[in-house]
1. Working carefully through the options 124, 142, find the one that is closer than 30 Å to residue 197 by Cα and among the acidic types (Asp, Glu).
2. What single numbered condition from (1) away from ligand 2 (no atom under 12 Å from the Cβ); (2) at pLDDT below 95 fails to hold for residue 157?
3. State the number of residues belonging to region 107-166 that are among the β-branched types (Val, Ile, Thr), surrounded by 11 or more Cβ atoms within 10 Å (Cβ to Cβ) and without any contact (Cβ under 8 Å) to a residue 24 or more places away in the chain.
4. Restricting to helices (runs of 4 or more DSSP H) lying wholly in region 121-229: which have 2 or more residues that are charged (D, E, K, R) and either under 27 Å from the mean Cα position of the chain (by Cα) or away from ligand 1 (no atom under 16 Å from the Cβ) (or both)?
Amino acid sequence: MADIVGWEDKNGLSKERLTFLNSQIKKNQPNEDEIYFQVNGKTCVNLISIVNLKKLTNQLSVGNLIKASDKKPLKNRTRSGGWSYVHALPLLSIEKTIVKDQLYDEFEKSVSQSLKDDDESINDRLANAPKFPEKVQTISYDYRRNEDVVAAVLKRANGKCELCKLEAPFLKASNSSPYLEVHHWILLSEGGEDTVDNAGALCPNCHKEAHFGQNQEYIKSNKAIKTIG
Ligand SMILES: [Zn+2]
Ligand SMILES: [Zn+2]
C-alpha cells in the first residue's frame with residue numbers, strides 16, 4: 001500500500017528526467033535496470049510516483065475497498081489501467097486489520113515459545129509487561145451453516161455425545177435441551193461438507209479434543225465407526 005503523489009506520461013519524459021529516473025532504478029531496484037516502455041508487446045504509458053510504501057500484514061482483496069464515487073466495492077481488475085479513488089470498508093483500518101485465525105495461530109506459537117523459556121526470563125518479561133493488552137481489530141471468515149443439519153444431528157444424538165456416548169453435561173437455559181455442539185468431522189475450512197454424514201453432536205470436552213487433541217486425526221478417520229451405535 002502506498003500514497004500516489006504523482007502521475008507522468010512515460011512518453012512525455014524529458015531526457016534529464018529519464019536519466020534521473022533510470023539512475024534511481026539502478027540504485028533501488030537493481031533487478032530492473034531501467035524504465036520499461038513495453039510489456040508483452042503493449043505500450044506502457046503510466047508512470048506513477050508514490051510515497052509511504054508499506055507492506056500490509058494481511059492480504060486484503062481489492063473487493064474489500066469501496067469506491068469513493070459510488071460507495072460500491074471495487075471489482076477485481078482484469079487488465080492494467082483504469083483507476084478509482086477508494087476508501088477502506090467502514091471500520092476497517094487496512095494497516096491494523098488482522099485476520100482472526102492468524103492472530104490465534106501467532107498467539108499459540110508465542111505461548112509455545114514462552115513455555116520453552118526458563119522461569120527467570122518469563123518473570124523478567126512479566127515485570128516489565130504492560131498490564132492492559134493492546135486492543136486490535138480483526139476480521140474473520142465464517143460459514144452460513146444449514147440449520148437442518150444441526151437439527152437432524154442433534155435429534156440423532158438424542159442427548160448423548162456421539163464420541164464418548166455420555167449424556168450431555170447440562171441442559172440449555174434457553175430451551176432446556178441437552179447441550180451438545182455440532183462438529184464437522186472434516187472441517188468446513190478444510191473443504192468438509194455441511195451434511196448430516198459429516199457432522200456429529202459432541203459434548204464440549206470431546207469437541208475440544210476433536211479440534212485440539214492428539215487423537216484428532218483418529219477421530220476424523222473413525223467418524224463412521226464412532227457415530228454408529
Ligand atoms: Zn463426549
Ligand atoms: Zn468443531
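The values are calculated or read from the model by the stated rules, or taken from the named source; none is laboratory data. Every value quoted in this text rests on a predicted model; they were computed, and no experiment measured them. Here Cβ is always computed from backbone atoms with ideal geometry, including for glycine, and neighbour counts include all displayed protein chains.
1. Numbers: 124 fails: closer than 30 Å to residue 197 by Cα.
Testing whether each residue is closer than 30 Å to residue 197 by Cα and among the acidic types (Asp, Glu) leaves just 142.
2. Residue 157 satisfies every listed condition except (2).
3. Count: 1.
4. Working: elements: 147-157, 204-212, 216-221, 223-227.
Counting at least 2 such residues, we get 147-157, 204-212, 216-221.
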